[in-house]
1. Over the range 85-174, what is the percentage of antiparallel beta bridges among all DSSP beta bridges, to the nearest 5?
2. Mind giving me the nanometre distance, one decimal, between the label points for L222 and Q53, set 7 Å out from Cα along Cα→Cβ?
3. Pop a pseudo-label 7 angstrom from the Cα along the beta-carbon direction at both A38 and K336 and give the gap in nm to one decimal.
4. Taking only complete DSSP H runs, can you tell me which helices of the chain stretch 18 Å or more along their own long axis by Cα positions and average at least -0.5 on the Kyte-Doolittle scale?
5. Could you work out which residue, out of S309, S321, S241, moves most in a Gaussian network model of the chain, that is, has the largest mean-square fluctuation with Cα springs under 10 Å?
6. Using 0.36 nm per residue, how much length does the chain from E344 to I144 gain when fully extended, once their Cα-Cα distance is taken away?
7. Expressed in nm to one decimal, what extension gain is obtained for the pair D94 and N329 from 0.36 nm per residue of sequence separation less their Cα-Cα distance?
8. How big is D for the chain, in µm² s⁻¹ as a whole number, if Stokes-Einstein is applied with the Kirkwood radius of its Cα pairs at 25 °C and 0.890 mPa s?
Amino acid sequence: MKLSRRGFIGALGLGTAAGVLSGSTLISRPSYAQTREAAMSKVYDGGIMQLNQNESARGPGPRVLEAIREHATKRVGRGYSPDHVNELRDALADYYAVGNDNVLLATGSTPLLEGAVYAFCSSDRPLVTAVPTYSTSAQTARRIGIPVKEIQVDAGMGIDLAGMAAASKGAGLVYLCNPNNPTGTVHSPAAVERFVRQVLAQSPDTHILIDEAYINYVADGLMETALPLAKEFPNVFISRSFSKAHGLAGMRVGYALGQEQTLDTINGAWGMGDVNMLAAVAAVTAFEDHEHIAWEREENARVRAFTTSVFTELGYEVPPSQTNHLFVNIRMPAAKFREACMAEKISVGRDFPPMHNSHCRISLGSMEEMELAAGVFRRVLTG
Ligand SMILES: Cc1ncc(COP(=O)(O)O)c(C=O)c1O
């Protein structure tokens with residue numbers, strides 16, 4: 001049976017489409033993308049509240065929107081090479097006090113995660129990752145027949161760093177998501193440093209990717225970037241995304257920080273795509289708007305505290321989150337909770353095995369959305 005793309009998505013159903021279609025992010029989430037016609041109506045996502053993906057509920061700040069408008073000129077007809085991309089790379093390099101060759105830009109951080117698997121893993125050099133964690137690395141590895149060693153998170157929902165280190169001997173790549181998606185938990189600089197030194201002492205050829213997509217949401221003093229470790233060790237590198245606190249998921253910009261030969265190897269193994277001029281100008285404006293990011297972080301923390309209290313007051317456990325999502329122990333299968341919430345036009349997170357029978361990831365929307373959602377969660381959980 002031949003299905004058009006729309007037919008295919010329809011056949012899969014809203015909840016499963018994102019999980020089933022893998023590969024580039026742009027094609028992996030078509031069910032949530034909307035047409036120009038729908039955008040004109042200002043009713044987004046068919047009126048369904050999107051608490052199922054960890055994008056920013058508030059989008060980019062006003063300076064970024066203004067920069068996009070200002071740069072939407074006839075100049076977009078020129079693009080070889082696109083304006084502002086070098087400017088973005090320079091701004092990142094300056095801020096982190098590294099050379100331009102220590103920054104690898106990509107169309108979202110997804111190609112970096114995929115590329116790292118292609119670059120460093122093989123049939124006898126497995127990927128080591130936590131479970132549950134962000135799954136692009138493991139999905140990529142499975143797609144190309146690379147063995148994956150999954151280490152379950154500990155009882156407090158933190159990543160089992162000792163278990164991961166022990167499993168890393170002979171691995172091609174270790175993926176560490178800090179803070180972790182979906183659990184929201186965070187590891188201190190001392191713990192990450194201990195982990196990195198332990199892995200490299202016993203397995204010097206292993207590479208370690210530290211995904212810091214959610215770093216802007218972490219409260220002061222709980223974590224630091226692992227950049228000093230990337231500067232010290234050629235095998236350590238970091239990925240970052242403009243899709244979260246900077247509110248630019250639809251623009252597709254991410255980057256890696258690491259040593260030149262490491263980034264060259266990733267870039268040589270897999271296409272990073274070309275960051276386009278409007279995305280670059282949006283990203284550089286967002287990156288430099290520290291005031292807005294500080295506000296975004298505060299606002300997210302306020303929404304997070306409110307939403308956490310909704311669940312804890314109902315007697316449900318929520319691991320402390322340093323991100324823009326909660327991994328709630330709802331004590332029922334996520335699928336059942338998801339279905340009940342969807343009946344009230346709220347879409348919550350997909351299954352995260354092996355915890356899909358007890359936990360559900362809920363992305364944080366705006367305060368107004370979460371106040372509405374709180375009523376639905378109360379009804380669904382208290383029956
Ligand atoms: C931990 C983590 N890393 C990377 C990504 C990929 O984001 P992007 O490709 O938009 O940068 C996501 C997206 O949800 C994520 O949660």
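1. 10
2. Here the modelled spin labels are 2.5 nm apart.
3. Placing both labels 7 Å beyond Cα along the Cβ direction yields 3.0 nm.
4. 189-202, 367-382
5. Ranking S309, S321, S241 by mean-square fluctuation puts S309 first.
6. My answer for the length gained is 68.1 nm.
7. Additional length available on full extension: 80.4 nm.
8. After rounding, the answer is 114 µm²/s.
Read-outs throughout are calculated quantities, based only on the coordinates presented, and are distinct from any laboratory measurement. Keep in mind that this is a model prediction, so the values were computed, not measured. Positions of Cβ are generated from backbone atoms using ideal geometry, with glycine treated the same way; all protein chains shown enter the neighbour counts.
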